[in-house]
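Taking it in order: structure first as structure tokens, then the write-up.
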Amino acid sequence: MKRLTLADCFDPDGERFGIPTYPWRCAPDDLATRRQLRIRGLRPGGQDIAAQLLRPRRRREPLTAYLYRVDLARSVRPMTPGRWRAHAAMMRARRRCPECGRDAGYVIPPTLGMCVTCAYPEEQRAA
């Protein structure tokens, strides 16, 4: 595969990639990523991807970020009391150890699948 350069990433008409493409940090002001929209208190709101950003990297595929039109973005939905309760229940479930059943006080790492105390009992006895 031919290595992508910054000049290859500039395709505002979308002829090469199918959608308008800009180099990293060179997008027009009326387009924003999901994260940039969220900072402004907006969300894409069901609109299609308007453009993309490409950032070339050595020996790997380029980084891609999708852009959405700011004028079509909608405001973020507010958190209702029901959503807060659902979020709290989800976080409680992620903190509960399946081995000992205790609330670990932190989100249990998926790589361990249990709290650190249950995963490494010999180290806990030594301490």
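A simple spin-label model places pseudo-atoms 7 Å from Cα toward Cβ; at residue 123 and residue 106 they are separated by 1.0 nm. Placing +1 on the Cβ of every Lys and Arg and -1 on the Cβ of every Asp and Glu, with nothing else charged, gives segment 31-93 a dipole about its Cα centre of roughly 340 debye.
Per residue, the chain exposes 75 Å² of solvent-accessible protein surface, assessed with a 1.4 angstrom probe and all protein chains in place. Note on residue 100: accessible area approximately 60 square angstrom, rounded to 10, probe 1.4 Å, nucleic acids and ligands left out.
Among 46, 14, 105, the residue with the largest mean-square fluctuation in a Gaussian network model of the chain, with springs joining Cα atoms closer than 10 Å, is 105.
When shorter helices are ignored and each DSSP H run of at least 4 residues is given -39500 (n - 2.57), the per-residue value for the chain at 222 nm works out to -6500 deg cm²/dmol.
The charge dipole of the chain, taken about the Cα centre with unit charges on the Cβ atoms of Lys, Arg (+1) and Asp, Glu (-1), comes to about 360 debye, rounded to the nearest 20. Under a Gaussian network description of the chain, with springs only between Cα atoms under 10 Å, the residue in 35, 77, 96 that fluctuates furthest is 96. From the Cα gyration tensor of segment 21-71, with a ≥ b ≥ c the square roots of its eigenvalues, which class applies: rounded if a/c is under 1.5, or else prolate if a/b is larger than b/c, or else oblate? Prolate, because a/c is 1.5 or more and a/b exceeds b/c. Candidate values [x] -0.26, -0.53, -0.71; [y] -0.61, -0.80, -0.84; [z] -0.41, -0.71, -0.86 were compared with log10 I(q)/I(0) by the Debye sum over Cα atoms at q = 0.10, 0.14, 0.16 Å⁻¹ computed on the shown model; the agreeing label is [y].
Taking a sphere under 15 Å around the Cβ of residue 110 and counting the other residues whose Cβ falls inside, with K and R at +1 and D and E at -1, yields a net charge of +2. Each part gets one Cα centre, and for segment 59-96 versus segment 9-56 those centres are 19 Å apart.
The values are calculated or read from the model by the stated rules, or taken from the named source; none is laboratory data. Predicted, not measured: the structure shown is a model, and the values here were computed from it. Glycine gets a Cβ as well: all are built from the backbone with ideal geometry, and neighbour counts include every protein chain shown. All accessible areas refer to the heavy atoms of the entire protein, side chains included, with ligands and DNA or RNA removed. Shrake-Rupley method; radii C 1.70, N 1.55, O 1.52, S 1.80 Å.
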